[in-house]
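Here's the structure, in structure tokens; my notes come after.
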Amino acid sequence: MSEVNTQRGGARQQQARRGFFGRIALFIAQVLDELRKVVRPTRDELVTYTTVVMVFVIAIMLFCAALDYGIGKLVFWAFAGS
């Protein structure tokens with residue numbers, strides 16, 4: 001018969017057997033494994049992404065400024081009378 005743990009808490013029991021520092025070491029090892037999977041953008045991609053974000057932010061700023069200016073003029077006209 002195989003030695004496969006079929007209990008529901010098998011992984012939890014194995015984790016409980018590790019000490020405090022063992023769990024920290026496991027966490028760090030898992031973080032490093034995940035960081036190795038990260039695909040970093042090339043310089044050209046990074047410049048493109050940065051440009052797209054900056055253009056979008058400037059467009060939203062201009063839209064909000066125009067909306068604020070228009071609503072301000074409307075309110076001033078409604079309450080100031082001239």
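Miscellaneous remarks
- Taking a ≥ b ≥ c as the square roots of the eigenvalues of the alpha carbon gyration tensor, the range 42-82 is prolate, as a/c is not under 1.5 and a/b beats b/c.
- Computed label-point distance, nm, for sites residue 33 and residue 20 using a 7 Å Cα→Cβ extension: 2.5 nm
- Here the simple spin-label model places points 7 Å from the Cα toward Cβ, and for residue 44 and residue 74 these points are separated by 4.6 nm.
We did not get these values from a lab; they are worked out from the coordinates using the rules stated. These figures come from a predicted structure and were not determined experimentally. Neighbour counts are summed over all protein chains in view; Cβ atoms, including those assigned to glycine, are modelled from backbone coordinates with ideal geometry.
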